[in-house]
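For reference, the structure discussed in these notes is given below.
Read the figures in this text as sums done on the coordinates, not as results from a lab. Not measured: the values here are computed from a predicted model. With ideal geometry, Cβ positions are generated from the backbone for all residues, glycine too; neighbour counts draw on all protein chains shown.
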Amino acid sequence: MSFELMALPYAEDALEPHISANTMSFHYGKHHKGYVDKMNDAINGTDMDGMSLEEVIAKAKKDGNQGLFNSAAQTWNHDFFWKSMSPGSTAPSGDLAAAIDKAFGGVEEFGKAFKTCATGQFGSGWAWLVADGDGLAVMGTANADLPLVQDKTALLTCDVWEHAYYLDYQNKRDAFVDVFLNNLINWDFAQENWENR
């Protein structure tokens with residue numbers, strides 16, 4: 001059973017002017033699809049055929065199969081990234097807002113911590129807001145790594161690989177992260193992940 005490229009939760013131009021349809025067509029249609037295709041090529045006809053994506057990631061990690069881990073984890077990471085954004089970004093509310101206040105001292109301070117993490121990630125990787133025990137934390141991961149294999153629950157993520165922003169922002173990762181924080185975060189998705197942790 002092959003995995004399919006996740007359908008975007010919005011149109012490719014829905015995040016404009018913050019992320020262009022041109023960037024989305026390459027990032028989603030080429031990069032993300034490429035990870036899905038490579039993963040399928042690696043698992044078709046093996047004992048992993050029929051496993052969930054999370055099971056494939058765990059097995060690839062356990063077996064030291066770095067190529068398959070990269071493809072599977074990047075498939076998961078991108079699925080999660082698209083859901084972490086919304087054309088109609090709002091503010092956090094309810095239990096999540098209270099947890100952000102407790103962990104960071106407010107949304108503005110969370111934004112500073114998240115930006116420091118995202119812009120400080122050397123090379124390619126991801127910045128995450130995660131549930132860590134009963135609280136919240138910001139963490140970065142390199143390349144395809146993800147909180148799932150570190151016993152943490154991801155709430156939202158920002159892709160800081162250059163292909164995520166270079167066509168729109170060139171080398172200005174900080175500008176892209178600002179746009180993500182101020183205009184794109186899907187706080188409803190983060191709230192759902194917080195409630196279901």
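The figures follow:
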read-out	value
Electrostatic dipole magnitude of the range 1-125 [Cβ: Lys, Arg +1; Asp, Glu -1; Cα centre; debye, to 20]	360 debye
The chain: projected area of the alpha-carbon convex hull, averaged over directions, in nm²	10.4 nm²
Rg and Dmax of the range 21-83, Cα atoms only, in Å	12.0, 38
P(r) histogram, all alpha-carbon pairs of the range 62-138 included - 10 Å bins from 0, percent	15, 39, 34, 12, 1
Cα centre as origin, Lys/Arg/Asp/Glu Cβ charges: the range 94-195 dipole, Debye	340 debye
Distance from the range 119-185 to the range 44-79 (C-alpha centre basis), Å	21 Å
³J(HN,Hα) computed for each position of the range 177-185 - Karplus, 6.51 cos²θ - 1.76 cosθ + 1.60, integer Hz, glycine/proline x	5, 4, 5, 4, 5, 8, 10, 10, 4
Phi-based couplings in Hz for the range 53-70 (Karplus 6.51, -1.76, 1.60; Gly and Pro marked x)	4, 5, 5, 4, 4, 4, 5, 4, 5, 4, 7, x, 8, 5, x, 5, 4, 4
Cα convex hull of the range 154-197, projected area averaged across orientations, nm²	3.2 nm²
Nonlocal amide H pairs with residue 85, under 5 Å, H built at 1.01 Å	186
Dipole of the chain [Lys/Arg +1, Asp/Glu -1 at C-beta], most positive-end residue of 180, 154, 167	167
Under 16 Å from the Cα of residue 112 - aspartates and glutamates, other chains or at least 8 residues apart	101, 174, 178
Calculated FRET value between residue 188 and residue 13, using beta carbons and R₀ = 22 Å, to 0.05	0.55
From phi via Karplus (6.51, -1.76, 1.60), per-residue ³J(HN,Hα) for the range 154-165 in Hz, x at Gly/Pro	6, 10, 7, 8, 10, 7, 10, 5, 4, 5, 6, 9
Estimated [θ] at 222 nm from DSSP helical runs (n ≥ 4, -39500 (n - 2.57)) normalised by residues in the chain, nearest 500	-13500 deg cm²/dmol
Listed residue pairs exceeding 24 Å between alpha carbons, taken from 62/115; 152/172; 33/59	62/115; 152/172
Full-stretch length increase - residue 65, residue 166 - with 0.36 nm per residue and alpha-carbon distance subtracted	33.4 nm
Simple label model, 7 Å out from Cα along Cβ direction - residue 175 to residue 55, nm	4.6 nm
Sequence-distant aspartates and glutamates (8 or more away, or on other chains) whose Cα lies within less than 14 Å of residue 102	132, 134
Value of Rg to Rh for the range 94-195 (Rh from inverse mean 1/r over Cα pairs, i.e. Kirkwood)	0.95
